[in-house]
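*Asks:* Would you mind keeping the following structure in view while I ask a few things?
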Amino acid sequence: MKDIDDLKRDIVEEIDRIKPRSIEMANHIFDNPELSQKEFKTKKYLVEELKKNGFEVKEGIGGLETSFRAEFDFNKDGPTLAFIAEYDALPNLGHACHHHIIASSSVNTAIALSKLGDKLGGKVVVMGTPAEEWMDAKGMMIKKGAFDGIDAALMFHGGCRNNTKLIVLAVDGLEFSFKGKAAHAAAAPWDGINALDAVIMLFNSINALRQQLKQDVSIHGNVIKGGDAINVIPENASAKFYIRSEQRKYLNEVVEKVKDCARGAALQTGTKLNISVFEDPGNDLLKNNCLVEEYEKNFRSSGQAIDKEPFLLGSTDIGNLSYFIPVIHPMVKTTEGDYSLHTEEFVKYGKTDFAYDGMIIGMKAIGMTGIRVLVDPEFSKCVKDEFEKSTEGGLKYN
């Protein structure tokens, strides 16, 4: 097998060779945006390209109609390496999260690796993961076995920074429903049990709790039911909350404190409480230093600098995947200004030379990182061992 540095040069040359096609595909996806779980044409477009390049494809995996898993087998022992493609757009804005770049870069980096043929071993996989903007699609796919057999996953996200210290917030979505007793609010209020009072107490208790929480915690909610008529003591009332933190382990502690606030509100008002999960939990992005350090070295080899400070991305389902297998999810600069994702200013950069120059730089960096995973058993062991240590104590997602 060739030297790793030689193989890295080979993948860089192959990515340069397919640059026109990579940009063409990104343009096509950008010009034909589809919303979450409606990405039928985009999925077909990506699947056809992969099949044309020798990948075996299974569609509709993990219970999602617009998902797919495409595999290229080098027919030699080795790891199974995945590239993550996201391709849903936003209502009214289109690809204001540059998912057209994520989809094209992941698909074409995998294709570029496949062209190295007998120089590599193992498998290269493209995971088509829809609906990132709307739901925990990756979590659903994990639970139904779609990611089974994959040793590591790579991708990058466009943005306003070159950054490997993205903060992805862990998040739980909880609904608190209180049941009281209806009564005439003027004639016999003493016969009633006010469920809305319990919701109000819950909000007040959470507000008091904030003082004792770490600064990275965010709790925000809405009353979704507060009663039906002003002159009737509310029998049923409920509220939904998102609870977020930079680390899943600490978030679990905070969630229990919030639940205790709800239990206290029920006790004080004499209501009955039901706590339910209205959205699958999302994890923070679990950092794998072995992968990150290799990626940073490869990224800098293109003459690029990487930010030293962390950057808050928000919440995304890649966090759940990072607790199931080792993952890297850096940001690559695809806009010249300091523009936020999901804005009109950001979407305007979608088809610019600047954005696509960033895309190619990112492709080379994850491509070279992929080479290291596929051909260096000691490196792959480092990646795996670090992941296993990071998910000890029942933290692994399943």
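The values are calculated or read from the model by the stated rules, or taken from the named source; none is laboratory data. Model, not experiment: these values are computed from the prediction. Because the Cβ atoms are built from the backbone with ideal geometry, glycine has one as well, and the counts that use them run over all protein chains shown. To get the accessible areas, we keep the full protein, side chains included, count just its heavy atoms, and leave off ligands, DNA and RNA. Shrake-Rupley method; radii C 1.70, N 1.55, O 1.52, S 1.80 Å.
*Asks:* Only one residue in ALA208, ALA229, ALA183 is touching a residue at least 24 places away in the same chain (Cβ under 8 Å) and more than 19 Å from PHE278 (Cα to Cα), so which one is that?
*Replies:* Exactly one of ALA208, ALA229, ALA183 is touching a residue at least 24 places away in the same chain (Cβ under 8 Å) and more than 19 Å from PHE278 (Cα to Cα), namely ALA183.
*Asks:* Any residue in region 94-104 that is in contact with a strand residue (DSSP E or B) (Cβ under 9 Å, 6 or more places away or on another chain) and either within 30 Å of ASP3 (Cβ to Cβ) or hydroxyl-bearing (Ser, Thr, Tyr) (or both)? Please lay out each step first, then the result.
*Replies:* To start, the set of residues in region 94-104 that are in contact with a strand residue (DSSP E or B) (Cβ under 9 Å, 6 or more places away or on another chain) comprises 95-104.
From what is left, the residues that are either within 30 Å of ASP3 (Cβ to Cβ) or hydroxyl-bearing (Ser, Thr, Tyr) (or both) are 104.
Yes, region 94-104 contains at least one residue that is in contact with a strand residue (DSSP E or B) (Cβ under 9 Å, 6 or more places away or on another chain) and either within 30 Å of ASP3 (Cβ to Cβ) or hydroxyl-bearing (Ser, Thr, Tyr) (or both).
*Asks:* Taking VAL258, is it open to solvent by 30 Å² or more (accessible area, probe 1.4 Å) and either touching a residue at least 60 places away in the same chain (Cβ under 8 Å) or more than 36 Å from the chain's Cα centre (by Cα) (or both)?
*Replies:* Working: open to solvent by 30 Å² or more (accessible area, probe 1.4 Å): no; either touching a residue at least 60 places away in the same chain (Cβ under 8 Å) or more than 36 Å from the chain's Cα centre (by Cα) (or both): yes.
No, not satisfied.
*Asks:* Using beta carbons and a limit of 6 Å, which pairs, at least six apart or on different chains, have the first residue in region 43-57 and part of a helix (DSSP H, G or I) and open to solvent by 10 Å² or more (accessible area, probe 1.4 Å) and the second one of a type in the set (S, T, N, Q) and at pLDDT 95 or above?
*Replies:* Within 6 Å, the pairs are LYS43/THR66.
*Asks:* If you take the residues of region 66-77 that are touching a strand residue (DSSP E or B) at 6+ places or on another chain (Cβ under 8 Å) and among the acidic types (Asp, Glu), which of them is surrounded by the most Cβ atoms within 10 Å (Cβ to Cβ)?
*Replies:* Only one residue tops the list, namely GLU71.
*Asks:* Does ASN289 meet the test of being in contact (Cβ under 8 Å) with a residue 24 or more places away in the chain, open to solvent by less than 20 Å² (accessible area, probe 1.4 Å) and not acidic (Asp, Glu)?
*Replies:* Numbers: in contact (Cβ under 8 Å) with a residue 24 or more places away in the chain: yes; open to solvent by less than 20 Å² (accessible area, probe 1.4 Å): no; not acidic (Asp, Glu): yes.
It is false that ASN289 is in contact (Cβ under 8 Å) with a residue 24 or more places away in the chain, open to solvent by less than 20 Å² (accessible area, probe 1.4 Å) and not acidic (Asp, Glu).
*Asks:* Got at least one residue in region 9-28 being over 27 Å from the mean Cα position of the chain (by Cα) and under 20 Å from ASP73 (Cα atoms)?
*Replies:* Checked against the condition, which is being over 27 Å from the mean Cα position of the chain (by Cα) and under 20 Å from ASP73 (Cα atoms), region 9-28 yields at least one hit.
*Asks:* Give the residues of region 108-146 that are more than 16 Å from ILE11 (Cα to Cα) and among the acidic types (Asp, Glu), sorted by residue number.
*Replies:* Listed by number, the residues that qualify are GLU132, GLU133, ASP136.
*Asks:* Restricting attention to region 156-176, does a residue exist that is in contact with a Gly (Cβ under 6 Å, 6 or more places away or on another chain), closer than 30 Å to SER301 by Cβ and open to solvent by less than 20 Å² (accessible area, probe 1.4 Å)?
*Replies:* Yes, some residue in region 156-176 is in contact with a Gly (Cβ under 6 Å, 6 or more places away or on another chain), closer than 30 Å to SER301 by Cβ and open to solvent by less than 20 Å² (accessible area, probe 1.4 Å).
*Asks:* Show me the strands (runs of 3 or more DSSP E) entirely contained within region 106-223 in which 2 or more residues are in contact with a strand residue (DSSP E or B) (Cβ under 6 Å, 6 or more places away or on another chain) and among the hydrophobic types (A, V, I, L, M, F, W, C).
*Replies:* Numbers: elements: 123-128, 152-154, 157-159, 166-168, 170-179.
Here the list reads 123-128, 152-154, 166-168, 170-179.
*Asks:* Identify all residues within region 350-398 that are among the acidic types (Asp, Glu) and either touching a Pro at 6+ places or on another chain (Cβ under 8 Å) or not in a helix (DSSP H, G or I) (or both); write none if there are none. Walk me through it before giving the result.
*Replies:* Taking region 350-398 first, the residues among the acidic types (Asp, Glu) are 353, 357, 376, 378, 385-386, 388, 392.
Scanning region 350-398 gives ASP376, GLU386, GLU392.
*Asks:* Now for a different question. Considering only residues that are buried (at least 16 other Cβ atoms within 10 Å of the Cβ) and over 18 Å from ASP197 (Cβ atoms), which ones fall in region 261-285?
*Replies:* Of the residues in region 261-285, the ones buried (at least 16 other Cβ atoms within 10 Å of the Cβ) are 261-262, 265-266, 269, 271, 273, 280-285.
Residues satisfying the conditions are ASP280, PRO281, GLY282, ASN283, ASP284, LEU285.
*Asks:* For residues that are open to solvent by 10 Å² or more (accessible area, probe 1.4 Å) and within 14 Å of ALA131 (Cα to Cα), tally how many sit in region 78-96. So that I can check it myself, show each step before the final result.
*Replies:* To start, the set of residues in region 78-96 that are open to solvent by 10 Å² or more (accessible area, probe 1.4 Å) comprises 78-80, 90-94.
Narrowing further to those that are within 14 Å of ALA131 (Cα to Cα): 90-91, 94.
Within region 78-96, residues that are open to solvent by 10 Å² or more (accessible area, probe 1.4 Å) and within 14 Å of ALA131 (Cα to Cα) number 3.
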